[in-house]
1. Only one of these conditions is not met by Val95: (1) in contact with a His (Cβ under 6 Å, 6 or more places away or on another chain); (2) of a type in the set (Val, Ile, Thr); (3) loosely packed, with under 15 Cβ neighbours inside 10 Å. Which number is it?
2. Is it true that Gly41 is surrounded by fewer than 16 Cβ atoms within 10 Å (Cβ to Cβ), small (Gly, Ala, Ser) and part of a loop (DSSP other than H, G, I, E, B)?
3. Take the range 63-73 and flag every residue that is in contact with a Ser or Thr (Cβ under 7 Å, 6 or more places away or on another chain) and either surrounded by fewer than 19 Cβ atoms within 10 Å (Cβ to Cβ) or under 12 Å from Val30 (Cα atoms) (or both).
4. Any residue at all in the range 21-30 that is of a type in the set (Ser, Thr, Tyr) and surrounded by 14 or more Cβ atoms within 10 Å (Cβ to Cβ)?
5. Out of the residues in the range 88-112 that are of a type in the set (D, E, K, R) and not in a strand (DSSP E or B), state the one that is farthest from Leu74 (Cα to Cα).
6. Determine the pairs where a residue that is among the small types (Gly, Ala, Ser), located within the range 33-49, has a partner that is part of a loop (DSSP other than H, G, I, E, B) and crowded, with 23+ Cβ neighbours inside 10 Å with Cβ atoms under 9 Å apart, the partner being 6 or more residues away or on another chain.
7. Sort through Arg29, Arg17, Arg92 and tell me the only one that's within 23 Å of Pro110 (Cα to Cα) and charged (D, E, K, R).
Amino acid sequence: MSKNPATNMTFICEGTRIMGEITVEHDLRVEGQLHGTLTVGGTLVLGPSGQIEGDVTARSATLAGHLTGNIHTLDKLVLESKSVLFGDLQTRELVIQEGAVFQGKSMMDPTTRPATAG
């Protein structure tokens, strides 16, 4: 396996539409449209032009686009100022920037700590 971080990132570009169950082992950046269940082993970045319709599980996530569905992150979830989330969220750490839209329920478990090296 390559140790180059750039090779461990999957990109879904603007103009691309994918439907179905999607699993990505490492990081994922979405600028296109996804419809279905999404599992990300690393960090999900939903760009400003990105749209996801379906449930999402990821280690961490930063949303700048639109997500309609539930999201569960093990570590941290960031809703940037222009993001829209219609669905429930579950995370250890939550950041909601001014201007973000969130409609749903949130559940946080601060006792769950990410794995540390050492």
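FYI, it's all coordinate maths here, none of it is from the lab. This one's a predicted model, so the numbers in the text were calculated from it and none came from an experiment. Positions of Cβ are backbone-derived with ideal geometry, glycine not excepted, and every protein chain shown enters the neighbour counts.
1. Among (1) in contact with a His (Cβ under 6 Å, 6 or more places away or on another chain); (2) of a type in the set (Val, Ile, Thr); (3) loosely packed, with under 15 Cβ neighbours inside 10 Å, the lone unmet condition for Val95 is (1).
2. no
3. The answer is Leu63, Ala64, Gly65, His72.
4. no
5. For the range 88-112, the residue satisfying everything is Glu98.
6. Going by the 9 Å Cβ cut-off, there are no qualifying pairs.
7. So the residue among Arg29, Arg17, Arg92 that is within 23 Å of Pro110 (Cα to Cα) and charged (D, E, K, R) is Arg92.
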